[in-house]
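Engineer: One structure, pasted below without further comment.
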Amino acid sequence: MNELLMNIGKIHTTKMGMQRISKNLNINSSDVINYCKNKILNSNCLIDKKGKNWYCVIDDIIITINSHSYTIITAHIIK
C-alpha cells in the first residue's frame, strides 16, 4: 500500500494553506483537509512522489503534500 495512504490521518495544513487551497480550487468547503483527503482516497487518484513532495492528481486538480510532515502545501486546478 502507498505510504501516503497509510498515513492519511497525518495529513494537515496551515490556516494560510486552507485559505490558499479554497481559493485555488474555488471551493467553499469549511473542511478543506477532509475535501483533499477524500480526493486522495479516491481509487482514481494518481499519487506520485517526487523529491520531498507527494503529488496527487484527480478530477483535474493536483494536490501537493510534503512527504515528511504530511502538510498540504497547495492544490491547483490543472489547466
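What follows is calculated from the coordinates using simple rules that are stated; it is not laboratory data. Please read all numbers here as calculations on a predicted model, not as lab measurements. Note that we place each Cβ from the backbone using ideal geometry, even for glycine, and neighbour counts take in every protein chain shown.
Engineer: Checking the structure you have, find out if any residue of segment 57-67 is polar (S, T, N, Q) and farther than 15 Å from Lys10 by Cα.
Structural biologist: Just the residues of segment 57-67 that are polar (S, T, N, Q), to begin with: 64, 66-67.
Pick out the ones that are also farther than 15 Å from Lys10 by Cα and you get none.
No.
Engineer: A follow-up question, please. Kindly evaluate Ile40 against the criterion of being crowded, with 18+ Cβ neighbours inside 10 Å, over 19 Å from Met16 (Cβ atoms) and β-branched (Val, Ile, Thr).
Structural biologist: Working: crowded, with 18+ Cβ neighbours inside 10 Å: yes; over 19 Å from Met16 (Cβ atoms): yes; β-branched (Val, Ile, Thr): yes.
Spelling it out, Ile40 is indeed crowded, with 18+ Cβ neighbours inside 10 Å, over 19 Å from Met16 (Cβ atoms) and β-branched (Val, Ile, Thr).
Engineer: For Ile47, only one of the following conditions fails: (1) farther than 11 Å from Leu4 by Cα; (2) among the β-branched types (Val, Ile, Thr); (3) over 9 Å from the mean Cα position of the chain (by Cα). What is its number?
Structural biologist: (1)
Engineer: Can you tell me which residue in segment 50-79 is nearest to Lys37 (Cα to Cα), limited to those that are among the small types (Gly, Ala, Ser) and surrounded by 15 or more Cβ atoms within 10 Å (Cβ to Cβ)? Reasoning before the result, please.
Structural biologist: First, pick out the residues of segment 50-79 that are among the small types (Gly, Ala, Ser): 51, 67, 69, 75.
Within this subset, residues satisfying the condition of being surrounded by 15 or more Cβ atoms within 10 Å (Cβ to Cβ) are 67, 75.
Numbers: Ser67: 15, Ala75: 12 Å.
Ranking the qualifying residues of segment 50-79, first place goes to Ala75.
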